[in-house]
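Trainee: Here it is, the structure in full.
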Amino acid sequence: MNGLPTLSTREVLNALRTAGFIDAPTRGKGSHHALTKREESGRMRLVIVPERKDIPRGTLLAIIKQAGLTREEFLALI
């Protein structure tokens with residue numbers, strides 16, 4: 001599959017949680033969710049996901065990049 005599917009916020013959050021991200025308790029207010037993950041190098045990754053019925057493909061690509069995943073790795077999680 002070359003293109004990205006249209007995904008909801010819930011589907012993206014589930015995929016990121018499967019990848020090891022957890023909810024950031026002190027972030028993510030209003031219409032956005034924040035998830036974090038500590039990498040083996042000690043670096044903390046922060047991913048912000050907007051609350052939308054359908055997340056635009058450009059936004060989804062940015063989320064995948066923030067998460068440090070490839071498109072193929074992300075598609076395997078959904």
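Trainee: Taking the Cα centre of the chain as origin, work out the dipole magnitude from +1 charges on Lys and Arg Cβ and -1 charges on Asp and Glu Cβ, in debye rounded to 20.
Mentor: Working: 13 positive and 8 negative charges, 49 e Å.
Using Cβ point charges on Lys, Arg, Asp and Glu, the chain gives about 240 debye.
Trainee: Of Ile48, Thr18, Thr70, which is farthest along the charge dipole of the chain in the positive direction, counting Lys and Arg as +1 and Asp and Glu as -1 at C-beta?
Mentor: The residue sitting farthest along the positive end of the dipole is Ile48.
Trainee: Same structure again: Can you give the extra length, in nm with one decimal, that the chain gains between Thr18 and Ile78 once fully stretched, where that is 0.36 nm per residue apart less the Cα-Cα distance?
Mentor: 20.7 nm is the gain from fully extending Thr18 to Ile78.
Trainee: Please arrange Glu40, Glu72 by how many other C-beta atoms lie within 10 Å of their C-beta, fewest to most.
Mentor: Glu40, Glu72
Trainee: Ordered by residue, what ³J(HN,Hα) values in Hz, to whole numbers, does the stretch 73-78 give under the Karplus form 6.51 cos²θ - 1.76 cosθ + 1.60, where θ = phi - 60° and Gly and Pro are x?
Mentor: These are the phi-based 3J(HN,Hα) values: 4, 5, 4, 5, 7, 8 Hz.
Trainee: Could you work out Rg/(2.2 N^0.38 Å) for the chain, with Rg from alpha carbons only?
Mentor: Working it through for the chain, the quotient is 1.03.
Trainee: In terms of modelled amide H atoms, which long-range or inter-chain residues lie less than 5 Å from the amide H of His32?
Mentor: Placed amide hydrogens put Glu51 under 5 Å from His32.
Trainee: Based on other C-beta atoms within 10 Å, arrange Ile22, Ile48 from fewest to most. Walk me through the numbers before you get to the answer.
Mentor: Values: Ile22 11, Ile48 15.
Ranking Ile22, Ile48 by Cβ neighbours within 10 Å, fewest first, gives Ile22, Ile48.
Trainee: Further, regarding this structure: Only loop residues by DSSP count here, and only those with at most 11 other Cβ atoms within 10 Å; note down the trypsin sites (Lys or Arg not before Pro) in the stretch 25-69 that meet that.
Mentor: Counting only loop positions with at most 11 other Cβ atoms within 10 Å, the trypsin sites (Lys or Arg not before Pro) in the stretch 25-69 are Lys29, Arg43, Lys53.
Trainee: Please give the net charge around Leu77, taking every other residue with its beta carbon less than 12 angstrom from that of Leu77, where Lys and Arg add +1 and Asp and Glu add -1.
Mentor: Here the charged neighbours net out to -1.
Trainee: A further question follows. Which net charge results when you count Lys and Arg as +1 and Asp and Glu as -1 among the other residues whose beta-carbon is under 12 Å from that of Glu11?
Mentor: +3
All of the numbers you see were taken from the coordinates with simple rules; none came from a lab. None of these values were measured; they are calculated from a predicted model. No Cβ is skipped: glycine too gets one built from the backbone with ideal geometry, and neighbour counts run over all protein chains shown.
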